[in-house]
Every structure is written in structure tokens, then in C-alpha cells.
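Any read-out appearing in this document is the output of simple, stated calculations on the displayed coordinates, not a laboratory observation. Remember, it's a predicted structure, so these values are computed and weren't measured experimentally. FYI the Cβ positions are ideal-geometry reconstructions off the backbone, even for glycines, and counts take in every protein chain you see.
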Amino acid sequence: MARFLFVVLPVVSHLSAPLAVGQALEAAGHEVAWCGPRSDLRPLIGPDATLHPTGKRHYRPDAASGMDSVRSLWAGHVLPANRFIRDAADRAVADYRPDVVVADQYALAGALAAHRHGVPWATLCVGVLELTPPTDEMPEFDDYVHAQLARVWAMTDLPVDPALDLRFSPYLVIGLTTAALTGPAALPARCVLIGPALGRRPNAPGFAWDAWDPVRRHVLVTVGTMAEHLAHDFYRRIVVATAPLADRVQVILTAPPGLVPDPPAHVLVAPRVPVLELMPRLDAVVSHGGLGTVSEALAHGVPVVVAPIRHDHPTVARQVTRAGAGRTVSFRTATPAELTSALAAVLDDPAYAAGARRVAESFAAAGGARAAAAHLAALAASAPLSHQEAR
């Protein structure tokens, strides 16, 4: 059996997939350790799991879109976060001596540490911004990102390897999607698409099931955990938009206390919900376009209304629309009437549910977390004997 070290960043939406893959590896008899923020990881991995803590650097994204959001992502989060965890990631690889490092695509310090110590690593792509870059809409994207990668190399004393793109492992790249969404997009070398990685979530919150109306249809509205500070007006418009549907639709809206004051009777507001428990019971999801939430919905055959905000959200929205699994609206400018129309369409037109089911079938065939674990185990088995003996 092999040893795997997961290197993650302190972004809640980036933790569910590696957790599921780690669970699948452990179920197959492998040993799994973690490098990341103790406060985020310990409730997920339990008290006995091996954890190499990095500390936590908070990231509060702004409302920028397009290339401005990409610049904000790299300058405000990726670069400082990797500078912050660089030494901890290096110590974790040196001390734990894994057979394979599994690094979040933006945890570039994990890739660098593996490279330094001669350990093969896999890239886990929890979004599609890098996997299927929006170069048609952002022609400067590639040049800008490569300039930022040069700055990452400059954080170390390692000689720059111009053939090595730290975003994509030369050993294995795992994408949490399928061709049903990406279409014919060119993918990195050694890339496998396994669909969403879904597993147990020990920190899932409870839910007020006594308020659940079994007669009405159900819609989950969420903008994830990183954009709630931008969502006040969007949520206001959603509440107005769903009023004409209130006799037949119940809305479950995730928002912190006070963001949606005095919700009407057809709207249940909760700061967090057990998403995977809710999904089989939902008829539609309204989302900002984070790949995790959208994939979780589509994995259950639930159509989506996507209101993209930034980063890879517009790409996800285009992919959902192209797959016939949902509609796209403007997060910033969609009127209540436009939101009502989009939501009524995905609820009432069976073509959208059929599109979501087609994507769900592709996800199931791709294998999810168990497929990722199998690819990682194969990579560990192919590691040079010299490396395994050194451990």
C-alpha cells in the first residue's frame, strides 16, 4: 500500500473533493496525510489523521470580473497563499516522505515541494479556469498566468524548469468534470476526467426538515462561501423573483444571518445546509457557477440556473448551457422577471432535466473519487523503486 500527502489551500469549496478522494484511498487500504490549515481540516479528517499544519491566510475576493478577477485571484490569493505555505509544504514532504503528493491546482507550493524532493505528484483541478482557460474572452490570460508562475518559481531557490507548468503535473492531472461539460476543449497532458468527487462530509450541518413542504417543488439558492458579501442585492431579487412561484415552489436559500431579513413564507434561510443530503430532493439549483455546487447538482440530475460572478464561473455557465442542463443569467443585472423566467424554464421544461440527467450519466461512468483513487494508486505503483526504498 502507498502513502499519499494532500496539500490544500484554506478555501472551503476546495476541500470536499480532496476529502472524498482521500476517503477512497483509505478505503482501498492506502495511507493518507494532509498539509493545510488545521482549523479547516481537522473537523473533516478526524482527530487521528496525520496533519502537517500550514496555518491559515484568509482570502476575501472582490467583485471584479473578467481578467480583473483573474489578476485579483493571483495577486490577492494564489501568490501570497503559496508564499505563506511554502515552508510548511516543503517540511511536510520531507518529513512524511509520501509516495505521491496530491496538490490542489493552486497549491503550487505542494508541487514545488514534490519537485524539490523528487516525489511524483498529481494535480487536482477543483475548477475549470486553468483546465479549460477562457482564452477567447481573455486573450491575455495565458501570458498573464505564466508571468505569475515565474513569480512562484522566484519564491524558491530551485532552478526554473521552463518545461514544467506548475499548474499541471507531468505525472497526472485529475479534472473534476467530464467531456459532457468541457466539450472538445483541449486538455493538459496526462489528464483524466473523473467527474465530481463526492464523499462523506463529517461537518455537514443539520437541516430544519420540519419546515420542509413535501407538496411544493424545491429550489436551492447559493453563491457558495466566498461571495456571500456580494450577494445582498442578488438575494433580494431572487426573493422577489420567486414570489410568483410561491404557491408551488419552496426556496432554500443559504445566507448568513441578517443578509435576507424577514424572508417570506416560501423561503427558508440557513447559513449552511447539508448539500448532498438535499440534492436528491431538489428540483432546481440557482448557483454562482462554482464547479463544486454545479457538479453536485448535475450529478443528481438537477438542472441549474447559473449566475456567474468571476473566475471560472462564466466558463461553467457556458458549459452548463451548452449541455442543455440549465440557463444562464446575470448575477449583477438580471431583473426579478428575468430570474423568474429562467427558474420557471428549468423547473417546467423537461429538456433541462433531461440534459442534467445526461451529464449525471457521464459523471457516473467517469467514476468520481474511486476512479481518482485508482489513478493515484497506479501512479504510486509506478514510482521509481529508488524513491520508495529511500522512504
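Using the Karplus relation 6.51 cos²θ - 1.76 cosθ + 1.60 with θ = phi - 60°, the per-residue 3J(HN,Hα) values for the range 120-129 come to x, 9, 10, 9, 10, 8, 8, x, 10, 4 Hz, with x marking Gly and Pro. Computed from backbone phi with θ = phi - 60° and the Karplus coefficients 6.51, -1.76 and 1.60, the 3J(HN,Hα) list for the range 375-381 is 5, 5, 5, 5, 5, 4, 5 Hz; x is used for glycine and proline.
Database remark: amide H of Leu51 closer than 5 angstrom to the amide H of Trp34 (H placed geometrically; neighbours at sequence offset of 5 or more, or on other chains; Pro and chain starts carry no H). Convex hull volume per residue, computed on the Cα atoms of the range 1-129, equals 101 Å³.
For Ile252, the residues whose amide H sits under 5 Å from its own are Val219, Leu220, Val221, Leu268, ignoring neighbours fewer than 5 places away on the same chain, with H placed 1.01 Å from N. Across 5 Å bins from the origin, how do the percents of Cα pairs in the range 209-365 run, short distances first? Per 5 Å bin, starting at 0, the Cα pair percentages come out as 2, 10, 21, 25, 23, 13, 5, 1, 0.
How long are the three semi-axes of the equivalent ellipsoid for the range 115-272, computed from the Cα gyration tensor as the root of 5 times each eigenvalue, in whole Å, largest first?
On the way: eigenvalues 349, 66, 58 Å².
Sorted largest first and rounded, they come to 42, 18, 17 Å.
Taking Cβ atoms as reference points and 15 Å as the exclusive limit, the residues near Glu137 contribute a net charge of -3, counting Lys and Arg as +1 and Asp and Glu as -1.
Summarising the overall dimensions of the chain from its C-alpha atoms, the Rg and Dmax are 20.8, 67 angstrom. Ordering Cys191, Cys35, Cys125 from the fewest to the most neighbouring beta carbons within 10 Å gives Cys191, Cys125, Cys35.
Counting only C-alpha contacts under 8 Å and six or more residues apart, can you give the relative contact order of the range 209-365 as a whole percent? The partial results should precede the final answer.
Numbers: 273 pairs, mean separation 34.9, N = 157.
Normalised by residue count, the contact order of the range 209-365 is 22 percent.
Sequence-ordered 3J(HN,Hα) estimates for the range 259-270 from the Karplus curve with 6.51, -1.76 and 1.60 and θ = phi - 60° stand at 6, 10, x, 6, x, x, 4, 7, 10, 9, 10, 9 Hz, glycine and proline given as x.
Across the chain, C-alpha contacts under 8 Å between residues 6 or more apart give a mean separation that, scaled by the residue count, equals a relative contact order of 18 percent. For Ala122, the amide hydrogen comes within under 5 Å of the amide hydrogens of Val101, Val102, Ala103, counting only partners 5 or more places away or on other chains and with H modelled in the peptide plane. Angle of helix 79-96 to the longest C-alpha principal axis of the chain, folded into 0 to 90 degrees and rounded to 10: 50°.
Grab the Cα-Cα distance for Ala147 and Ala208, subtract it from 0.36 nm times how many residues apart they are, and report the gain in nm with one decimal.
On the way: separation 61, 0.36 × 61 = 21.96 nm, distance 4.84 nm.
17.1 nm is the gain from fully extending Ala147 to Ala208.
Dipole of the range 209-365, Cα-centred, from +1 at each Lys and Arg C-beta and -1 at each Asp and Glu C-beta, to the nearest 20 debye?
The calculation lands at about 360 debye.
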